[in-house]
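Novice: Once you've had a glance at the structure underneath, I'll fire off some questions.
The values are calculated or read from the model by the stated rules, or taken from the named source; none is laboratory data. Everything numeric here is computed off the predicted structure, so don't read it as measured data. Note that each Cβ is placed from the backbone with ideal geometry, even for glycine, and that neighbours are counted across all protein chains shown. All accessible areas refer to the heavy atoms of the entire protein, side chains included, with ligands and DNA or RNA removed. Shrake-Rupley method; radii C 1.70, N 1.55, O 1.52, S 1.80 Å.
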Amino acid sequence: MSISSTTPGAAATTEQTAEETGQARVATRNRRGKAPLSEGKRAERKLGWLLCAPAALVMVAVTAYPILYSFWLSLQRYDLKFPDERQFVWFENYATVLSNSYWWTAFGVTMLITVVSVVVELVLGMGLALIMHRTIIGRGLVRTSALIPYGIVTVVAAFSWRYAWTPGTGYLANLVAPDGAPLTERASALAIIILAEIWKTTPFMALLLMAGLALVPDDLLKAASMDGASGWQRFTKVMLPVMKPAILVALLFRTLDALRVFDNIYVLTNGANETSSVSMIAYNNLMKGLNLGIGSTMSVLIFLTVAIIAFIFVKLFGTAAPGSSDDGGRR
Amino acid sequence: MINPDRHPHRRKARTRFLAAGAAIALLAPLTACGSDDEGGVPTLNLYQFPVENMQTVIDNCNQAAAGRYKIVYQVLPRTADDQRVQMVRRLAAGDDSMDILGLDVTWTQEFASADWIKEWTGDDKAEIEKGTLAGPIASATYNDKLYAAPNNTNVQLLWYRKDLVSEPPKTWDEMIDASLKLKQEGKPYQVLTMGAQYEGLVVLFNNLVASAGGNVVSEDGKTAVMDEGTVKALQVMQRFATAGVTSPSFTNQIEDDVRLAFQGGGGAFQLNWPYVYSALQSDAPQLAPNVTWARYPGIDANTPSRVTIGGSNMAVSSYSRHPDLAFDAVKCLRNADNQKILAIKAGQPPTIESVYADPEMAKAYPMRDTILDELKDAAPRPLTPAYQNLSTVVAAQLSPPSAIKPQETATTLKKAIQDAIDSKGVLP
């Protein structure tokens with residue numbers, strides 16, 4: 001489809017362009033009817049499939065295969081330590097993981113980090129986006145400096161956070177908690193992990209929201225202020241509705257991203273004191289425990305969680321995937 | 001001179017040349033690794049944690065080999081988890097560039113069960129077993145077969161202040177009472193040992209279980225036992241943690257924290273590895289003369305304690321391309337002479353009994369008789385391939401030790417350990 005749409009002047013032959021020209025649509029459908037495809041059209045369709053094939057194969061190889069393979073592994077007792085005792089156990093691993101308190105603790109920690117960090121980032125990011133959008137002097141400098149945290153490698157940033165919060169050597173630990181070791185207590189450790197996440201990804205949120213802000217027509221804002229709308233009213237009644245698709249995309253991206261939190265936790269606490277996220281605990285069971293069955297079960301459960309959240313965003317909130325239209329649907 | 005900007009063609013050629021150069025530079029080390037000793041001396045890669053003066057020992061063996069092989073020291077990361085993960089990842093992929101593996105005593109079972117290391121048989125086996133202490137040999141054995149050569153060993157001792165305590169306590173109860181008495185007198189009183197949620201806590205638990213005559217896992221390593229001895233051990237552990245004799249940061253301390261706290265003068269007793277001795281001489285010379293050592297305290301006054309064995313073994317990878325040479329190299333690396341070098345220069349207690357009698361050991365190891373005493377009836381950690389998982393769940397269950405409810409904790413531990421053995425254990 002996408003191939004023929006690039007052919008100029010071939011509006012009648014493609015569904016996509018036909019949809020855009022409302023009137024022509026009916027005509028096209030009628031003309032097409034159920035008549036057999038013409039020789040040329042069939043060749044074109046075949047070419048389309050051929051051109052798509054490499055991309056489709058790559059997608060299957062890098063996405064579908066690993067997912068199916070880990071699902072297959074999750075149905076087995078497969079522990080590298082006991083190579084002779086590998087066997088098919090149906091959904092036993094799922095029962096084991098889903099009835100385990102470590103898993104649910106990690107799940108709770110992941111959800112907490114996701115919700116808190118995404119909400120705070122949305123507020124901060126919006127503020128930052130408004131500032132960057134309105135900056136007139138030194139626009140490039142402001143935008144670049146705001147992006148610095150996002151540009152730093154997460155592990156490197158996490159290490160500097162860790163040193164900052166280590167008693168004795170760390171300026172933050174000495175300043176905020178001179179008598180304790182904040183990274184060794186659950187509540188403060190989680191707060192630090194969330195803080196590190198927010199620090200790192202607020203610029204990303206701001207960048208996406210700034211793109212949304214660019215969609216708001218100046219005329220609309222001028223008209224609103226002519227009608228006597230206050231600044232807050234213009235923000236909530238004009239800007240936010242127009243920006244809605246951009247906000248939802250930003251939220252979706254950040255939620256899925258936050259759900260996979262790993263590096264910050266790995267460096268800051270390594271999961272001690274019940275600060276493991278689901279990715280951490282899956283890593284521990286796979287890499288340290290060498291238990292491919294349980295580890296894959298966890299990976300599949302994480303995948304399902306991500307899929308459900310993406311489904312909720314796309315279907316219920318009508319978040320548009322990038323590249324599609326903003327009417328909420330897919331083409 | 002050519003201005004490259006005005007000659008796009010040349011610039012392209014030059015870029016390409018640079019790119020090719022960079023590619024070759026990047027690939028060079030790989031080819032160096034991959035190209036197998038064709039025509040030259042076979043290379044044996046020794047993957048081991050960092051050990052001081054290890055290169056001296058390797059040089060000795062390379063010289064003795066007289067061109068039959070050349071051992072190259074590939075230094076692994078410093079922490080045990082990182083070392084294990086790196087080796088396991090390579091072994092799971094069948095990496096044939098690893099020949100000799102330096103294994104923590106707790107990994108031998110696991111690697112043997114996974115078929116990653118070769119069994120020692122015949123003359124090789126006899127040579128390793130000759131003169132080697134029984135405890136270290138047990139740590140290198142799986143299913144009655146020898147899978148590794150004990151390289152060095154270790155046991156914890158009781159270090160105490162002889163200016164405060166005249167007679168070393170024989171049992172934990174005596175030690176706690178002595179500490180409480182010092183506390184009343186307003187003197188340094190703390191009993192310092194490792195209580196953080198990690199392997200060190202499991203070692204403490206294992207010391208107590210073995211001293212109480214208990215078992216965590218059955219002989220064959222397939223069933224969780226948790227008998228009366230383990231309940232007794234849990235009672236002692238709980239009393240120790242709640243009696244008010246520990247440091248406030250007990251539940252957060254690992255080896256070096258304990259050593260530093262003791263050197264700082266806060267403790268009357270320290271339960272720790274022998275390395276604290278040399279550190280004490282150099283870092284706290286004013287305190288050192290007041291500190292001496294004794295056998296680790298037991299549970300019952302008439303039964304000597306049994307102490308967990310530490311240290312490392314050397315094994316030959318199943319994927320090695322030169323297994324015969326690797327076996328030879330291991331025999332050289334851990335022979336009596338080389339063990340002595342590492343004992344004196346790197347502080348590693350030897351596994352060959354005769355080395356302890358060497359006159360040179362007297363200065364480096366004044367506590368060698370006590371170490372040897374403990375080693376002779378030392379307690380291995382639960383011998384099962386699932387030890388790593390077992391240790392993780394036990395540490396999680398026992399932390400913090402003050403919250404232990406002996407009978408209840410024993411029941412939950414039994415289930416957790418059985419799950420770990422059955423690959424059902426979920427690691428936190």
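Novice: Please list, in chain and number order, the residues 5+ apart from B:T153 or on another chain whose amide H is under 5 Å from its amide H, with Hs placed from the backbone.
Specialist: It is B:S312, B:T351, by chain and number.
Novice: Using a 1.4 Å probe over the heavy atoms of the protein chains, calculate the carbon and sulfur portion of the accessible area of the stretch A:31-109 as a whole percent. Display every interim value, and only then the final one.
Specialist: Details: 3900 of 5630 Å².
Reported share for carbon and sulfur atoms: 69 percent.
Novice: Compute the projected area of the convex hull of the Cα atoms of the protein assembly as shown, averaged over all viewing directions, and report it in nm² to one decimal place.
Specialist: 48.5
Novice: In the stretch B:157-294, with Lys and Arg counted as +1 and Asp and Glu as -1 at Cβ, which of these residues, B:V209, B:M194, B:S249, has the Cα nearest the positive end of the dipole, that is, farthest along it?
Specialist: Comparing the listed Cα positions along the dipole, B:S249 ranks first.
Novice: Further, regarding this structure: Using only Cα atoms, tell me the angle between helix B:80-92 and the longest principal axis of chain B; keep it within 0 to 90° and round to the nearest 10.
Specialist: 50
Novice: Something else: Give me the distance in nm between label points sitting 7 Å out from Cα along the Cα-to-Cβ direction at B:K415 and B:S97, one decimal.
Specialist: Between B:K415 and B:S97, the simple spin-label model gives 4.6 nm.
Novice: Next question. What are the equivalent ellipsoid semi-axes of the stretch B:276-428, built from the alpha-carbon gyration tensor (square roots of five times its eigenvalues), in whole angstrom, biggest first?
Specialist: 33, 27, 14
Novice: Starting from the Cα of B:K376, draw a straight line to each of the lysines and keep only those under 23 Å, dropping any in the same chain fewer than 8 residues away.
Specialist: Hits, sequence-local ones excluded: B:K125, B:K130, B:K145, B:K170, B:K331, B:K340, B:K363.
Novice: Within chain A, how many Lys pairs sit with Cα atoms under 19 Å apart, leaving out pairs fewer than 8 places apart on the same chain?
Specialist: Going through chain A pair by pair, I get 4.
Novice: A further question on this structure: Enter the mean number of other protein chain beta carbons within 10 Å of the beta carbon of each residue in A:288-298, as an integer.
Specialist: Across A:288-298, the average partner-chain Cβ count within 10 Å equals 5.
Novice: Just to confirm, what accessible area per residue do you get for the stretch A:105-288 at 1.4 Å probe, in whole Å²?
Specialist: Accessible surface, normalised per residue, equals 49 Å².
Novice: Could you grab the relative contact order for chain B? Cα pairs under 8 Å, six or more apart, rounded to a whole percent.
Specialist: Across chain B, relative contact order equals 25 percent.
Novice: Relative to the Cα centre, what is the charge dipole magnitude of the protein assembly as shown, using +1 at the beta carbon of each Lys and Arg, -1 at the beta carbon of each Asp and Glu, and rounding to the nearest 20 debye?
Specialist: 3680
Novice: Provide, for q = 0.06, 0.08, 0.10, 0.12 Å⁻¹, the log10 of I(q)/I(0) from a solvent-free Debye sum over equal Cα point scatterers in chain B.
Specialist: These q points yield log10 I(q)/I(0) values of -0.30, -0.50, -0.74, -1.00.
Novice: Sticking with this one: Return a whole-number percent for the relative contact order of the stretch A:38-140, with Cα pairs under 8 Å and 6 or more residues apart as the contact set.
Specialist: 12
Novice: Same structure again: Compare the Cα positions of A:F91, A:Y266, A:M210 along the charge dipole of chain A (+1 at Cβ of Lys, Arg; -1 at Cβ of Asp, Glu; about the Cα centre) and return the one farthest towards the positive end.
Specialist: The residue sitting farthest along the positive end of the dipole is A:M210.
Novice: Then there's this: Can you tell me how much longer the chain between B:K181 and B:E353 gets when fully stretched, taken as 0.36 nm per residue apart minus their C-alpha distance, in nm with one decimal?
Specialist: Working: separation 172, 0.36 × 172 = 61.92 nm, distance 3.92 nm.
Additional length available on full extension: 58.0 nm.
Novice: Say we join alpha carbon atoms closer than 10 Å with springs in a Gaussian network model of chain A; which of A:V58, A:V306, A:V267 then has the biggest fluctuation?
Specialist: Residue with maximal mean-square fluctuation among A:V58, A:V306, A:V267: A:V58.
Novice: Probe radius 1.4 Å, ligands and nucleic acids left out: can you give me the accessible area buried at the A-B interface, summed over both chains, in Å² to the nearest hundred?
Specialist: 2100
Novice: Sticking with this structure for a sec: For A:I152, what accessible surface area do you get with a 1.4 Å probe? Give it in Å², rounded to 10.
Specialist: 60
Novice: Nearest 500 deg cm²/dmol is fine: what mean residue ellipticity at 222 nm does the protein assembly as shown get from its DSSP H runs of n ≥ 4 alone, each adding -39,500 (n - 2.57), divided by its residue count?
Specialist: About -16500 deg cm²/dmol.
Novice: Could you calculate the FRET efficiency of B:K145 with B:D82 from 1/(1 + (r/R0)^6), where r is the beta carbon distance between them and R0 is 35 Å, rounded to 0.05? Intermediate results must be reported in sequence, preceding the final value.
Specialist: Working: r = 28 Å, r/R0 = 0.81.
The value I calculate is 0.75.
Novice: From the phi angles alone, apply the Karplus equation (6.51, -1.76, 1.60; θ = phi - 60°) to the stretch B:309-317 and give each ³J(HN,Hα) in whole Hz, x where the residue is Gly or Pro.
Specialist: Karplus-based 3J(HN,Hα) across the stretch B:309-317 equals 8, x, x, 9, 10, 10, 10, 9, 5 Hz.
Novice: Rank B:S391, B:S166, B:S317 by mean-square fluctuation in a GNM of chain B with C-alpha springs under 10 angstrom and give only the top-ranked residue.
Specialist: Comparing B:S391, B:S166, B:S317 in the GNM, the peak value goes to B:S166.
Novice: At q = 0.15, 0.16 Å⁻¹, what base-10 log of I(q)/I(0) does the Debye formula yield for the stretch A:150-258 when every alpha carbon is treated as an equal point scatterer in vacuo?
Specialist: Treating every Cα as an identical point scatterer, log10 I(q)/I(0) equals -0.76, -0.79.
Novice: Based on the Cβ-Cβ distance of A:L124 and A:L68, what FRET efficiency does E = 1/(1 + (r/R0)^6) give at R0 = 41 Å, to the nearest 0.05? Numbers along the way, then the final one.
Specialist: Working: r = 40 Å, r/R0 = 0.96.
Taking R0 as 41 Å, the efficiency between A:L124 and A:L68 is 0.55.
Novice: How are the alpha carbon pair distances in the stretch B:157-294 distributed across 5 Å bins from zero to the largest one, expressed in percent?
Specialist: Here the calculated profile for the stretch B:157-294 is 2, 10, 19, 22, 20, 13, 7, 4, 2, 1, 0.
Novice: Follow-up question, since we're still on this one. Where a ≥ b ≥ c are the square roots of the eigenvalues of the C-alpha gyration tensor, would you call chain A rounded, which needs a/c under 1.5, or, failing that, prolate if a/b is larger than b/c, or oblate?
Specialist: Because a/c hits 1.5 or more and a/b fails to exceed b/c, chain A counts as oblate.
Novice: Then there is this: State the antiparallel share, in %, of DSSP beta bridges confined to the stretch B:157-294, rounding to the nearest 5.
Specialist: Working: 9 of 12 bridges.
Restricted to the stretch B:157-294, the bridges split so that about 75 percent are antiparallel.
Novice: I've got another one for you. Can you tell me the dipole magnitude for chain B around its Cα centre, using point charges on the Cβ only (Lys, Arg +1; Asp, Glu -1), in Debye to the nearest 20?
Specialist: The dipole magnitude comes to about 1500 debye.
Novice: So what are the ³J(HN,Hα) numbers for the stretch A:273-279, from phi and the Karplus equation (6.51, -1.76, 1.60; θ = phi - 60°), rounded to whole Hz, Gly and Pro as x?
Specialist: So the Karplus estimates, Gly and Pro as x, are 6, 6, 10, 5, 9, 5, 5 Hz.
Novice: Take every Cα-Cα distance within the stretch B:34-115, group them into 10 Å bins from 0 onward, and report for each bin the whole-number percent of pairs it holds.
Specialist: 16, 45, 32, 7
Novice: Another question about this same structure. If DNA, RNA and ligands are ignored and the probe is 1.4 Å, what is the ranking of B:R239, B:R161, A:R134 by accessible area, most exposed first? Could the numbers behind the result be given before it?
Specialist: Working: B:R239 80, B:R161 20, A:R134 135 Å².
Per-residue accessible area, sorted high to low, gives A:R134, B:R239, B:R161.
Novice: While we're here: Could you list which residues have their amide H under 5 Å from that of B:D227, counting only those 5 or more apart in sequence or on another chain, with H placed in the peptide plane?
Specialist: B:N215
Novice: Another question, if that's okay. Suppose R0 equals 45 Å; then what is the FRET efficiency for A:S38 and A:A307 from their Cβ-Cβ distance, rounded to the nearest 0.05?
Specialist: 0.65
Novice: Probe radius 1.4 Å, ligands and nucleic acids ignored: give me the carbon and sulfur share of the accessible area of the stretch B:58-204 as a rounded percent. Show your work: numbers first, answer last.
Specialist: Details: 2620 of 5970 Å².
Roughly 44 percent of what the probe reaches on the stretch B:58-204 is carbon or sulfur.
Novice: Using the Cα centre of the stretch A:105-288 as origin and beta-carbon charges of +1 (Lys, Arg) and -1 (Asp, Glu), tell me which of A:G138, A:M287, A:G127 is placed farthest towards the positive end of the dipole.
Specialist: A:G138
Novice: Using only Cα atoms, what Kirkwood radius does the stretch A:105-288 have, in angstroms?
Specialist: One decimal place: 18.1 Å for the Kirkwood radius.
Novice: Something else: Note down the relative contact order for chain A as a percent, whole number, built from C-alpha pairs under 8 angstrom at least six residues apart.
Specialist: Rounded, it is 22 percent for chain A.
Novice: Comparing the chain by itself with all protein chains present, which residues of the stretch B:401-428 are at least 40 Å² less accessible (probe 1.4 Å)?
Specialist: By number: B:S423, B:K424, B:V426, B:L427, B:P428.
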